[in-house]
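The values are calculated or read from the model by the stated rules, or taken from the named source; none is laboratory data. Note that the structure is predicted; figures quoted are calculated from it, not measured. Cβ placement follows ideal geometry from the backbone for every residue including glycine, while neighbour counts extend to all protein chains displayed.
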Protein chains: 2
Amino acid sequence: MLTLFFVDSELETIPEEMWKDDAVTQLSKKRKKKPGNLLLDSSLLHRSIDAYFPSSSKRRGRPDIFHILLNVLNSSIINILGELSVFIHTRNDILIKVNPETRIPKSYNRFAGLMEQLFELGEIRSGEDVLFSTEKKSAIESIKSYGSGKVTVMWPSGEHVSRNNLVEARDQTFVIGGFTSGDYISDLSHIGRRVSIFDQELTIWTVAGEIIAAYETYVGL
Amino acid sequence: MLTLFFVDSELETIPEEMWKDDAVTQLSKKRKKKPGNLLLDSSLLHRSIDAYFPSSSKRRGRPDIFHILLNVLNSSIINILGELSVFIHTRNDILIKVNPETRIPKSYNRFAGLMEQLFELGEIRSGEDVLFSTEKKSAIESIKSYGSGKVTVMWPSGEHVSRNNLVEARDQTFVIGGFTSGDYISDLSHIGRRVSIFDQELTIWTVAGEIIAAYETYVGL
């Protein structure tokens, strides 16, 4: 089993500080939902995010990258074969458990609606199946509870490792930052080896895709 | 150079037959664009597509999959290294040439707006750079003009090949169907070997990702 944790992920509902913002009020009317039940989406609210969170505005509110990421992960061959486990830990210490059999909406707007429902209800069901569920857990607790085998933390300034040396066992866990700029907020210093696979910035789905490719090569797919 | 062609891609503006449809008229008002300048998007217009194109309704209007696909391709390591060439041939024989340096919008709505502009203007520029350009060309002509090295056609019922045997040279071309169901519309029978890498249906970005992984392994990345 390959286990992937996306840590400090920039996936959250609109924080209370922003609820009285004009753009938020407008969006809330348009979407007919309370601000606290709407996703923070930088492509819709980047000016407001700049105003309220100047120090973290470059990274906040990125459901778009999780839409692409989860589509890449859940349609991968190792996921179809039942060898992939995916957890998304958010900046607010909410851990999202992704059912490998969940068909991720290819339409972004549907995906965003689903994430809003998930934050509101704590889980998403389809009949008897739980598609997504959440619990309150720090990054470290999440990795300790659900990680399996050796833990490797992907870190742009980590020790360089070639992709094909990333995976050394059938049971292995990788931690990837769930953000597009900056560093981990959670303290991961005692969690595992820190490695990098490339000398330039990569998107989170590229990093995850490289790990998946390494795993597939390792298991002889 | 790895060259990828997505053939018979379900990427098009709203066809003339549908312009008087009620849902299309409404969308056109809301978006303040003529129907012919709007993308056909099955997540917005699936009932109308069903009504006007019953025989192809399952596959028509899928800009969403190209949003995910191009994000996967253009952020891949081999693309950053300048070793990837991407062409999208549509069901209407429009060939879209993707500049490898184009940053694909992570927001779907921005991507869709860009594709609408592309179909309207024939190209998208940013300063002196051409981000996307189009020409009128059949699939075969496209592959003959821009393919490089041996051509392999990905085909679900093709001969099974293990991923790591897909790439046999530094210069190679792969053809992938740009649709989620059905078969190629273009006649590709004389184009090259038809192969399959997995016995179940895969998304186009999974197929492309596997080819990229095979290429990276081949060139020793």
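Quick notes
- Within the option set B:Gly158, B:Gly177, being of a type in the set (Gly, Ala, Ser), away from chain A (no Cβ under 14 Å) and in contact (Cβ under 8 Å) with a residue 60 or more places away in the chain holds for one residue only, B:Gly177.
- Hey, A:Ser48 small (Gly, Ala, Ser), in a helix (DSSP H, G or I) and within 14 Å of chain B (Cβ to nearest Cβ) or not: no
Quick grid of which residues meet (1) closer than 18 Å to A:Leu69 by Cβ; (2) assigned by TED's automatic domain parsing to the domain that holds A:Ile65; (3) surrounded by fewer than 18 Cβ atoms within 10 Å (Cβ to Cβ):
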residue	(1), (2), (3)
A:Met154	yes, yes, no
A:Asn164	no, yes, yes
A:Asp171	no, yes, yes
A:Thr180	yes, yes, yes
A:Asp183	no, yes, yes
A:Ser186	no, yes, no
A:Asp199	no, yes, yes
A:Ala208	yes, yes, no
A:Ile211	yes, yes, no
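- Annotation note: of A:Phe132, A:Phe66, A:Phe87, A:Phe53, the sole residue that is modelled with pLDDT of 95 or more, aromatic (Phe, Trp, Tyr) and in contact with a Phe, Trp or Tyr (Cβ under 7 Å, 6 or more places away or on another chain) is A:Phe87.
- Taken over the range B:188-197, the criterion of being over 24 Å from B:Ile68 (Cβ atoms) and β-branched (Val, Ile, Thr) is satisfied by B:Ile191 alone.
- Within the range A:25-36, residues that are closer than 18 Å to A:Arg47 by Cβ reach partners that are surrounded by fewer than 17 Cβ atoms within 10 Å (Cβ to Cβ) and at pLDDT 95 or above with beta carbons closer than 6 Å, at six or more positions or on different chains, in the pairs A:Pro35/A:Trp19.
- Some residue of the range B:131-151 being buried (at least 18 other Cβ atoms within 10 Å of the Cβ), touching a residue at least 24 places away in the same chain (Cβ under 8 Å), among the polar types (S, T, N, Q) and more than 30 Å from A:Ile65 (Cβ to Cβ): yes
- Sole exception among (1) under 10 Å from the mean Cα position of the chain (by Cα); (2) at pLDDT below 95 for B:Ser107, by number: (1)
- Only residues that are among the charged types (D, E, K, R), closer than 23 Å to A:Ala213 by Cα and within 20 Å of the chain's Cα centre (by Cα) were counted across the range B:149-200, and they come to 1.
- Within the range A:193-221, the set of residues being more than 8 Å from every other protein chain (Cβ to nearest Cβ), more than 22 Å from A:Ser9 (Cβ to Cβ) and of a type in the set (Asp, Glu) comprises just one member, A:Asp199.
- The listed residue being out of contact with any helix residue (DSSP H, G or I) (no Cβ under 9 Å at 6 or more places or on another chain) and more than 22 Å from B:Asn99 (Cα to Cα), out of B:Gly158, B:Gly147: B:Gly158
So that you can scan it fast, the table gives a plain yes or no per residue for (1) over 29 Å from A:Trp205 (Cα atoms); (2) outside the structural domain of A:Asn99 (by TED's automatic domain parsing); (3) buried (at least 16 other Cβ atoms within 10 Å of the Cβ); (4) in contact with a Gly (Cβ under 9 Å, 6 or more places away or on another chain):
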| position | (1), (2), (3), (4) |
| --- | --- |
| A:Phe6 | no, no, yes, yes |
| A:Ala23 | yes, yes, no, no |
| A:Lys29 | yes, yes, no, no |
| A:His46 | no, yes, no, yes |
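- Count of residues meeting criterion [touching a residue at least 24 places away in the same chain (Cβ under 8 Å) and not in a strand (DSSP E or B)] in the range A:1-21: 9
Residues checked against (1) β-branched (Val, Ile, Thr); (2) within 14 Å of chain A (Cβ to nearest Cβ):
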{"residue": "B:Thr13", "(1), (2)": "yes, no"}
{"residue": "B:Trp19", "(1), (2)": "no, no"}
{"residue": "B:Tyr52", "(1), (2)": "no, no"}
{"residue": "B:Arg59", "(1), (2)": "no, yes"}
{"residue": "B:Ile80", "(1), (2)": "yes, yes"}
{"residue": "B:Ile94", "(1), (2)": "yes, no"}
{"residue": "B:Asn99", "(1), (2)": "no, no"}
{"residue": "B:Ser107", "(1), (2)": "no, yes"}
{"residue": "B:Phe111", "(1), (2)": "no, yes"}
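- Residues of the range A:40-61 that turn out to be touching a Ser or Thr at 6+ places or on another chain (Cβ under 6 Å) and under 22 Å from A:Gly122 (Cβ atoms), as a count: 1
- Filtered residue count, the range B:57-84, keeping only those that are without any contact (Cβ under 8 Å) to a residue 24 or more places away in the chain, small (Gly, Ala, Ser) and under 27 Å from A:Phe198 (Cα atoms): 1
- Within the range A:57-94, tally of residues that are part of a loop (DSSP other than H, G, I, E, B) and either of a type in the set (D, E, K, R) or within 17 Å of the chain's Cα centre (by Cα) (or both): 11
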